[in-house]
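As structure tokens, the structure follows; a few thoughts come after it.
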Amino acid sequence: MTAGATGTVLRVRDLAVGVRDTDLVLVDAFDIARGERVGLIGESGSGKSLTALAVMGLLDEGLQVSGSVRLAGVDHDLVGADDRRMARVRGRHVAMVFQEPMTALNPTMRVGDQVAETMLLHGSRGSRSAARSAAVDLLRQVHIPDPEQAARAYPHQLSGGQRQRVVIAIALANDPALLVCDEPTTALDVTVQAQVLDVLVSGAAARGAALLFITHDLAVVATVCQRVLVMYGGHVVEAGTVQDVFTRPRHPYTAGLLAASDLDAVDDRGRLRTIAGTVPAAGHFPDGCVFRNRCPNAQDDCAVAPPWTGPHQASGYACHHPVPAVAEVGRG
Amino acid sequence: MAEPTTDVLPAVSVRDVTRTYRRPRPAPFRPAPLVAALRGVSLDVAPGQRFGIVGESGSGKSTLLRIIAALERPTSGTVHVEGNDITALPERRLRGLRQRLQLVFQDPMGSLDPRMRVGDIVAEPLVAQGHAAPRDRVAELLQAVGLSADAANRYPHQFSGGQRQRISIARALAPRPHILVADEPVSALDVSVRAQVLNLVADLVDELSLTLVFVSHDLSVVRRVCDTVAVMHAGEVVETGSTSQVYDDPQHDYTKRLVSSIPTLRRALAGVTARDLAAGAAGEVA
Ligand SMILES: Nc1ncnc2c1ncn2[C@@H]1O[C@H](COP(=O)(O)OP(=O)(O)OP(=O)(O)O)[C@@H](O)[C@H]1O
Ligand SMILES: Nc1ncnc2c1ncn2[C@@H]1O[C@H](COP(=O)(O)OP(=O)(O)OP(=O)(O)O)[C@@H](O)[C@H]1O
Ligand SMILES: [Mg+2]
Ligand SMILES: [Mg+2]
């Protein structure tokens, strides 16, 4: 695709994921630039994982998918690509890190061999012995203590944080252009989380790999990412730089998420701020603006889906009655 | 809110508690390895106090809670709940304790029987104690946790994660306990739902004058709900104090590492990176 030349690694257009007559994800457009770190946030059931799985070509058989997902260095669309073609893309051009490392590891195989195997599979190392020593190198890069020894360990002999580092090593093994991470540190202690995030960011940076980083934790996104996509009801409702979106949110949903996650800010009763109601089950979001049944700003015109407001897909929001821009409030 | 004073009987008093587990033998003729889950824990929770326990995975938090709730016995040491030595009580005499002290767990789905209607789940502790479970008490409990009375006729899978945690809180409140013990009650929840459940816990603790013992691996959550915190590390309490003091001025090396590895929005927006957090976690002074 031409995107490679312009520095775009991932280009998603009109991505729709559905089951029978229910839409689960309807993403108009987003791009990720080479080496860029992009966060994907939103409450449980917003469609974050489905979006990630669509990018990886790992959606359940029963789901329908349409639209376009293009990846730099891959000469075909990932949407509709068959398993054989996707197997060549995954682990080579794009790799994924899930919340639970054991789902990605083979319990009966030494971890060093698992790292080496990924390289051999995609031909990025010529010989088994070259791959073996490269694997030990990688384990060292993700800060696994005593990597020669650890390479001979089985997954169950490592701690949760060490296992997640092995998964990251496997993900980085073939210098992919894009790393998709779905809640990679949610199961880890904060001290271990800090180390794993560091390894992830520095490992990606060393290879110029971009990051699509999914989490519930806004503070983690702010620490790791440069840009953020806010998702709700299967739609990207706001996008922008972390600084802009987290300090001057325009979509009332983003503002609600920020307020609810701020454990230092309370109302006059000393209670945390919350978003009214709960996330509807798939298929039960209102038509028009998906957030309008929970939105403090909603009015009659919200029954019509709001258009994207903003210079481009990378920055803007979809809302008829946005939170006033801070600058306006300040001047007004 | 009652302040801890020396002449008030503690709600919970833990003295020199140890708990050793035996792991499965690695090989037939090798000795079974021992795990010291608790290595001499002592703490006092005053009536009305909101007492947090934080620490990393495996530090012994759940083991301690199970012992406080008499779901498990310590290897040595004593636990007094409102003056009664529960470690000495035989199983059949624990009913009184169950009435005074109730537990809420992390995973609401795992602790709610999927085949029971919510009304029966909430009434369960009452029935277990031989009380009849009046429908209006169940309705009152559901209302107290922000659910409508008709929730009683539905099943757990028909509720969201946050609603299920409300159901387990309603069940815990049924026998009118004085002490609510919660093990990671919001760790599986979204930030928005987390805020709702934390507010609910704070409201109930205030309205019902409960003593709260709240376990979390997340010190920022504990800081929100608790006035006092004990930090556990490898089976020991390494630091205890007011939550603000422990958070703002940690003394023990482990607490320092814990505090400096917590990502916060404010610090991130001020430029703190993953590298900085990792340095903090490793004990390198930031
Ligand atoms: N295979 C499937 N079949 C039908 N519905 C599905 C399927 N997978 C997901 N869904 C539904 O699609 C919606 C979005 O799910 P998704 O897993 O993408 O959410 P998420 O944002 O990742 O949430 P979480 O934060 O809980 O991981 C949810 O309502 C979910 O129940
Ligand atoms: N029934 C058991 N048999 C053997 N070992 C156990 C048992 N229960 C706990 N342990 C061990 O005791 C230690 C303390 O476990 P505990 O569950 O109390 O930790 P925790 O602080 O609650 O951790 P987490 O944050 O992961 O819930 C761990 O090493 C654990 O493996
Ligand atoms: Mg998900
Ligand atoms: Mg536990």
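The values are calculated or read from the model by the stated rules, or taken from the named source; none is laboratory data. Not measured: the values here are computed from a predicted model. Cβ sites come from the backbone with ideal geometry, for glycine too, and all protein chains shown count toward neighbours. Side chains included, ligands, DNA and RNA excluded: accessible areas come from the protein's heavy atoms. Shrake-Rupley method; radii C 1.70, N 1.55, O 1.52, S 1.80 Å.
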I'd like the full set of residues that are part of a loop (DSSP other than H, G, I, E, B), under 27 Å from residue A:168 (Cβ atoms) and within 16 Å of ligand 1 (Cβ to nearest atom), limited to segment A:49-101. A:57, A:58, A:59, A:60, A:98, A:99, A:100
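Just to check your reading of the model, which residue among A:175, A:182, A:244 is surrounded by fewer than 23 Cβ atoms within 10 Å (Cβ to Cβ) and within 12 Å of chain B (Cβ to nearest Cβ)? First the steps, then the outcome.
On the way: A:175 fails: within 12 Å of chain B (Cβ to nearest Cβ); A:182 fails: within 12 Å of chain B (Cβ to nearest Cβ).
Matching residue, one of A:175, A:182, A:244: A:244.
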Tell me, please, whether a residue that is away from ligand 1 (no atom under 16 Å from the Cβ), in a strand (DSSP E or B), more than 26 Å from residue B:206 (Cβ to Cβ) and of a type in the set (A, V, I, L, M) can be found in segment B:6-27. yes
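Is it the case, given these coordinates, that residue B:115 is farther than 28 Å from residue B:221 by Cα and in a loop (DSSP other than H, G, I, E, B)? Even if it seems obvious, please write down each step before you answer.
Working: farther than 28 Å from residue B:221 by Cα: yes; in a loop (DSSP other than H, G, I, E, B): yes.
Answer is yes for this residue.
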Just name the residue that is nearest to the other protein chains (Cβ to nearest Cβ) out of those in segment A:260-302 that are at pLDDT 95 or above and more than 29 Å from residue A:21 (Cβ to Cβ). A:296
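With the requirement that a residue be away from ligand 2 (no atom under 16 Å from the Cβ) and within 14 Å of another protein chain (Cβ to nearest Cβ), what does segment B:4-63 give you? It would help to see each step written out before you state the result.
Narrowing segment B:4-63 to residues away from ligand 2 (no atom under 16 Å from the Cβ): B:4-13, B:15-16, B:27-30, B:42, B:44-50.
The one that is away from ligand 2 (no atom under 16 Å from the Cβ) and within 14 Å of another protein chain (Cβ to nearest Cβ): B:50.
Of the residues A:164, A:195, which is at pLDDT below 95, away from ligand 2 (no atom under 16 Å from the Cβ) and among the polar types (S, T, N, Q)? Let's see the steps before the verdict.
Details: A:164 fails: away from ligand 2 (no atom under 16 Å from the Cβ).
After ruling out the rest, the residue left standing is A:195.
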Residue B:187 vs (1) surrounded by fewer than 19 Cβ atoms within 10 Å (Cβ to Cβ); (2) within 16 Å of ligand 2 (Cβ to nearest atom); (3) within 25 Å of residue B:39 (Cα to Cα): all pass except (3)
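Restricted to segment B:197-215, and to residues that are in contact with a strand residue (DSSP E or B) (Cβ under 8 Å, 6 or more places away or on another chain) and among the polar types (S, T, N, Q), which residue is least open to solvent (accessible area, probe 1.4 Å)? If you could, list the steps in order and put the result at the bottom.
The initial filter retains those residues of segment B:197-215 that are in contact with a strand residue (DSSP E or B) (Cβ under 8 Å, 6 or more places away or on another chain), namely B:198-199, B:201, B:204-205, B:210-215.
Narrowing the set further to residues that are among the polar types (S, T, N, Q) leaves B:199, B:211.
Numbers: B:199: 22, B:211: 7 Å².
That would be B:211.
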Here the qualifying pairs (Cβ atoms under 6 Å; residues six or more apart or on different chains; first in segment B:164-180 and closer than 9 Å to residue B:122 by Cα; second aromatic (Phe, Trp, Tyr)) come out as none
